[in-house]
Structures are given as structure tokens and as C-alpha cells.
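Novice: Encoded as C-alpha cells, here's the structure I'll be asking about.
Values quoted throughout were computed directly from the atomic coordinates according to the rules given, and no laboratory measurement underlies them. If you're wondering where the values come from, they're calculated on a predicted model, not measured in any experiment. Because the Cβ atoms are built from the backbone with ideal geometry, glycine has one as well, and the counts that use them run over all protein chains shown.
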Amino acid sequence: MTVELRVLAGATPSVHRIEDVSEAAAVVFADAVNALLPDPVEEVDGGALVVVRSFARTRLQKFRRTLAWCVLGALGGVVGLSVALTATADGPDAQGSAVASGILGGLTVLLIGLCVLFTGPSFHERRLRRHGVTVFAVRTDRPRVYQYADSTGTTRYLSYVSAAPSEQVSYNPQDTSDVLVLRTPFARFLDISVAWLSALAGLCTAPLTIWLAVSALG
């Protein structure tokens with residue numbers, strides 16, 4: 001007699017064979033077991049029916065928020081240092097240098113922040129292109145909302161300003177909030193260009209800021 005245990009669809013059943021059993025006893029045993037089993041039902045994969053509407057910030061949004069707070073903090077420090085230099089400066093020339101150092105210092109902070117703002121997402125997009133999952137997101141009937149299906153069949157939503165009917169997105173399968181819309185090579189080139197120009201301008205204003213601050217100290 002062979003006993004086969006029922007399992008979920010797609011799984012490998014476990015088969016047990018019992019030797020030295022009479023045919024009558026096997027029939028009685030089989031009837032008793034079958035009577036206890038529920039009626040078989042068709043297994044349905046409900047993954048495609050799951051819809052996720054998340055209000056969590058994406059990794060790019062978190063990056064921009066953190067960067068904004070860092071820039072504001074640095075600007076506050078520059079303003080405070082400029083006020084302190086102006087208050088302790090000896091003479092109009094020194095005070096003018098202190099004020100100028102504050103203005104250039106603030107400009108330097110903004111230039112560095114602009115460089116990081118355009119450089120960070122570009123490198124992150126390159127990493128997702130290589131190691132993430134790339135799919136097409138389709139625009140829904142709601143403005144600025146696109147939907148896509150992840151590797152588990154779950155429908156997910158993404159907010160993005162675009163008039164295109166679909167956009168190519170890439171996401172991290174280990175972190176569902178790490179998703180972004182892939183840009184054209186020309187758009188990536190513009191971002192890198194702005195980042196490099198900002199970095200070069202910041203490198204020019206930073207030494208001048210330090211020189212003015214030292215001049216204000218006398």
C-alpha cells in the first residue's frame with residue numbers, strides 16, 4: 001500500500017509505502033483517511049491582487065531632506081561666525097572683511113550643497129541600474145501617479161511628475177522605498193556637469209572666504 005500526503009500546489013509530495021498489508025485493510029484505511037480530508041480546492045496565487053500604497057519617503061526624498069538640513073546648519077554656522085567676526089573686528093576694513101567672508105562663506109556652502117545634490121542621485125541611479133530590478137511603471141488615472149509590479153507581483157505606486165504614459169523605473173528588491181525613475185543619458189550628463197561646475201566654483205570661493213576671515217581677525 002502507498003500513502004501519498006497532500007501538499008500545496010507546486011510543492012513536492014511525500015510518499016510513504018507500507019509493506020505486508022492485505023488489500024482489504026488497505027481499502028479500509030484509505031477510505032478512512034480520505035473521509036477525513038477536505039475537498040480539494042484550486043490553489044490561487046493572490047500576490048497579483050495585493051496593492052501597496054505606501055506613504056513612506058523614498059531613499060531619494062530622504063537624501064534630499066537630510067542634505068537640506070545639513071546645508072541649513074552649515075549656513076547657520078557661517079552666519080554666526082560672520083557676526084562674531086564683525087563684532088570683534090577692529091576698524092571698518094576688518095568689519096567689511098568679516099561681512100564679506102560671511103557672504104562668500106554662505107555662497108560656498110550653497111555651491112557644495114548643489115554639487116552633492118546632483119552627484120548623489122546620479123551615483124545612486126548608476127548603482128540601481130547595475131544591481132536593482134528595472135521595470136516599466138504605467139501612469140494611472142490620477143495625476144503624477146505611476147504604478148508598477150515588483151518581483152513578487154505586488155502592485156506598487158510611485159509619484160513622479162511626467163506627461164509620458166509610462167516610465168522606466170529601477171528599485172531595490174531588499175528595500176521597496178529605494179525606487180527611482182531612470183533618466184536619459186543627456187539628463188544625467190547635465191546633472192554631472194552642474195555638479196562639477198558647482199564644485200569648481202566652491203573650490204574658488206572657499207580660499208577667498210578663509211582669507212577674508214583671517215583679515216577680519218587682523
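Novice: Give the long-range amide H neighbours of Ala137: residues separated by 5 or more places, or on another chain, with amide H under 5 Å away, using H modelled in the peptide plane at 1.01 Å from N.
Specialist: Placed amide hydrogens put Glu167, Gln168, Val169 under 5 Å from Ala137.
Novice: May I pose another question? Taking H as built 1.01 Å from N, whose amide H comes closer than 5 Å to the amide H of Tyr160, not counting residues under 5 places away?
Specialist: Under 5 Å from the amide H of Tyr160: Val145, Tyr146.
Novice: Test of understanding: what is the full-extension gain from Ile210 to Arg129, defined as 0.36 nm times their sequence separation minus their Cα-Cα distance?
Specialist: The span from Ile210 to Arg129 would gain 25.1 nm if fully extended.
Novice: Take Val145 and Leu72, extend 7 Å from each Cα along the Cα→Cβ direction, and tell me the distance between the two endpoints in nm.
Specialist: Each label point lies 7 Å from its Cα, and together they span 2.9 nm.
Novice: For the stretch 70-84, take each phi angle, set θ = phi - 60°, evaluate the Karplus expression 6.51 cos²θ - 1.76 cosθ + 1.60, and give the result in whole Hz per residue in order, putting x for glycine and proline.
Specialist: Karplus-based 3J(HN,Hα) across the stretch 70-84 equals 5, 5, 4, x, 5, 4, x, x, 5, 4, x, 5, 5, 5, 5 Hz.
Novice: Suppose every Lys and Arg Cβ carries +1 and every Asp and Glu Cβ carries -1, with no other charges. What dipole size does the stretch 122-168 come out with about its Cα centre, to the nearest 20 debye?
Specialist: It comes to approximately 180 debye.
Novice: Moving on. Work out from phi, with θ = phi - 60° and the Karplus expression 6.51 cos²θ - 1.76 cosθ + 1.60, the ³J(HN,Hα) of each residue of the stretch 96-104, listed in order in whole Hz, and give x for Gly and Pro.
Specialist: x, 5, 5, 5, 5, 5, x, 5, 5
Novice: Still on this structure, I have one more. Please turn the phi angles of the stretch 143-152 into ³J(HN,Hα) values with the Karplus equation 6.51 cos²θ - 1.76 cosθ + 1.60 (θ = phi - 60°), one per residue in order, whole Hz, x for glycine and proline.
Specialist: Result, rounded to whole Hz: x, 6, 10, 10, 10, 8, 9, 7, 5, 8.
Novice: What do you get for trypsin sites (Lys or Arg not before Pro) in the stretch 102-180 restricted to DSSP loop and a cutoff of at most 16 other Cβ within 10 Å of the site's Cβ?
Specialist: Listed in order of number, the matching sites are Arg144.
Novice: With the dipole of the stretch 59-218 worked out from charges on the C-beta (+1 for Lys and Arg, -1 for Asp and Glu) around the Cα centre, which of Gly80, Val161, Leu190 lies farthest toward the positive end?
Specialist: Going by the charge dipole, the pick is Val161.
Novice: Something else: Over all directions, how big on average is the projection of the convex hull of the alpha-carbon atoms in the stretch 164-218, in square nanometres?
Specialist: In nm², the orientation-averaged hull projection of the stretch 164-218 is 7.0.
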